[in-house]
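These notes are about the structure you will find just below.
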Amino acid sequence: MRKIIKVIVSSLLIVGLVGCNSDGSKKPTLENQKSDNNAYENLMEMSVVSASIDKSGKETTEKFLFYVPTSKYADVYGNNAYSSQYGVTVDVSINDYIFEEGQYADDALKFMKEGIMNGPYILEIIKEPKIDVDEKREFAYFSTLVIEESYDNKGKIIYDYVAAKELNSEQRIFIQITIDPSKCNKLTDSLISEIEEYYGIQLDFNLDEAEKAVENFNSNLPSTKRYDAYGFSFEIPFTYRLDYEQSNYTTDDYVFGPDGEATNDNNLHVMLISDDTYSYTKEELEKDIEILFLDSEEGKAQIIESDFTAANKAVVRFKLSGNGEYLDGYMVNFKDHIVYFGTISSLSEMPQEQLDMIHDAIQSFNVK
């Protein structure tokens with residue numbers, strides 16, 4: 001009899017450890033949708049509203065609960081809940097456009113995977129994402145570890161876990177969990193454990209692995225990094241960043257400088273001129289440049305002979321001057337894209353170091 005009692009007591013203790021409160025009630029989880037703001041030490045309850053259209057065309061709304069890291073910065077916007085604490089950010093939604101009705105979970109993740117991997121600040125991919133999916137394709141996830149650009153001209157490590165889960169035909173959940181090891185502390189592990197318990201997931205984040213990877217990267221920093229301009233990309237000096245005040249996304253005009261300051265003579269100016277389907281020869285580019293700046297306020301474009309060439313690219317150097325400034329650079333045609341690479345400077349002659357930087361950007365110029 002004593003052995004039986006011991007077995008029963010042990011079983012009750014185990015059940016308590018995996019999801020019961022001290023009063024024996026079951027903890028809130030993503031699936032059971034229970035409400036108890038005292039159930040977790042590091043998670044808080046957030047209520048979102050999901051809107052849908054029924055068969056008659058009438059809009060219906062439904063309240064849904066998510067538990068996210070306890071933080072004064074937690075927020076709800078529509079069907080999304082967001083919060084960040086102890087280096088862990090949770091962004092979760094129900095019936096979002098990312099995971100639409102009729103989609104399989106793994107299909108929903110393909111869009112997100114591409115978006116993360118093509119992020120403009122990624123310097124190196126430590127762990128390639130691989131989508132895992134269950135047999136019914138109702139639950140899928142991937143995780144990745146990348147080194148991103150930081151503002152101290154070094155790299156920082158970022159871990160992402162992304163999952164799509166169909167609870168039923170009318171409830172589709174999308175989860176993104178991001179961990180920044182530079183902001184983690186002694187409470188991070190317990191927070192991660194509670195997130196895993198609530199969402200029924202397992203994160204494969206390893207802090208030692210992440211810290212070692214970024215330490216290795218920062219001990220031997222590269223001289224350049226690739227900038228993705230949404231359709232085409234090129235290499236820029238590692239210490240250069242986009243100057244947001246000088247740049248204009250709507251006109252595909254990108255200006256870079258050391259630490260994001262591009263008002264000095266050593267700036268790099270890159271601008272998409274055209275992305276039509278026509279490929280130009282060097283001679284055709286020269287004629288178009290002359291026509292383009294025929295009535296320009298800066299004056300007539302001066303075509304400059306140059307011995308610089310780039311494989312499979314039509315390259316023409318030209319210069320404009322006016323108001324004490326010189327626009328000096330190259331018009332480049334590659335794979336139906338015409339892109340300008342150059343600089344705006346107070347110097348009438350561009351230093352060789354500046355020219356070399358522009359040449360490197362052109363040589364590395366690629367189109368997706």
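The values are calculated or read from the model by the stated rules, or taken from the named source; none is laboratory data. The shown structure was predicted, so the numbers you read here are calculated from the model rather than taken from an experiment. Glycine also receives a Cβ, built like all others from the backbone with ideal geometry; neighbour counts cover every protein chain displayed. Ligands, DNA and RNA are stripped out before the accessible areas are found, and what is left, the full protein with its side chains, is counted by its heavy atoms. Shrake-Rupley method; radii C 1.70, N 1.55, O 1.52, S 1.80 Å.
For the chain, set up a Gaussian network in which alpha carbons nearer than 10 Å are linked by springs, and say which option among Glu305, Glu209, Glu197 fluctuates the most.
Answer for the Gaussian network model of the chain: Glu305.
Can you pull a Stokes-Einstein diffusion coefficient for the stretch 87-127 at 25 °C (0.890 mPa s), Rh from Kirkwood over Cα pairs, as a whole number of µm²/s?
Numbers: Rh = 12.3 Å.
This corresponds to a translational diffusion coefficient of 200 µm²/s.
What is the percent carbon and sulfur in the accessible area of the stretch 193-252, measuring with a 1.4 Å probe over the protein chains and ignoring ligands?
Details: 1470 of 3290 Å².
Carbon with sulfur: 45 percent of the solvent-accessible area.
Considering every Cα-Cα pair within the stretch 95-215, what fraction, in whole percent, is farther apart than 22 Å? Mind showing how you got there, number by number?
On the way: 2810 of 7260 pairs.
Percentage above 22 Å: 39.
At 1.4 Å probe size, with every protein chain present, just tell me what the per residue accessible area of the stretch 226-368 comes to in Å². Intermediate results must be reported in sequence, preceding the final value.
Values: 7510 Å² over 143 residues.
Dividing the accessible area of the stretch 226-368 by its residue count gives 53 Å².
Find the percent of Cα-Cα distances in the stretch 224-293 that exceed 15 Å, and round it to a whole number. Before the final figure, lay out each step's value.
Details: 1454 of 2415 pairs.
Taking all Cα-Cα pairs of the stretch 224-293, the fraction more than 15 Å apart is 60 percent.
With a 1.4 Å probe and all protein chains kept in place, how much accessible area does Ile338 have, in Å² rounded to the nearest 10?
The accessible area comes out at roughly 10 Å².
Given 0.36 nm per residue, what is the gain on full extension from Thr224 to Glu138 after removing their alpha carbon distance, in nm?
Details: separation 86, 0.36 × 86 = 30.96 nm, distance 4.17 nm.
My answer for the length gained is 26.8 nm.
Taking only C-alpha pairs under 8 Å that are 6+ residues apart, what is the relative contact order of the chain in percent?
Numbers: 695 pairs, mean separation 38.2, N = 368.
This gives 10 percent for the chain.
Could you work out the Rg to Rh ratio of the stretch 268-368, with Rh taken as the Kirkwood radius (inverse of the mean 1/r over all Cα pairs)?
Values: Rg = 13.0 Å, Rh = 13.8 Å.
Checking Rg against Rh, the ratio lands at 0.94.
Could you run the Karplus curve 6.51 cos²θ - 1.76 cosθ + 1.60 with θ = phi - 60° over the stretch 122-132 and give me ³J(HN,Hα) per residue in whole Hz, x for Gly and Pro?
Residue by residue, the stretch 122-132 yields 6, 9, 7, 9, 7, 10, 5, x, 10, 7, 9 Hz.
Output the peptides 59-68, 264-273 sorted from most to least packed, where packing is the average of other Cβ atoms within 10 Å over each peptide's residues. Spell out each step's value before the answer.
Numbers: 59-68: 16.9, 264-273: 19.2.
Final packing ranking: 264-273, 59-68.
Read through the labelled values (1) 21.4, 68; (2) 23.3, 84; (3) 27.3, 102 and report the label of the one computed as Rg and Dmax of the Cα atoms in Å from the structure.
Here the calculated entry is (3).
What's the carbon and sulfur percent of the stretch 102-146's accessible surface, probe 1.4 angstrom, rounded to a whole number? Don't jump to the answer; show the numbers that get you there.
On the way: 1280 of 2560 Å².
Answer for the stretch 102-146 is 50 percent, counting heavy atoms of protein chains only.
Compute the accessible area per residue over the stretch 75-204, keeping the other protein chains in place, probe 1.4 Å, unit Å².
On the way: 6200 Å² over 130 residues.
Ligands and nucleic acids excluded, the figure is 48 Å² per residue.
Under a plain spin-label model, where a point goes 7 Å from the Cα along Cα-to-Cβ, how far apart in nm are Asn216 and Phe308?
Distance between label points: 3.5 nm.
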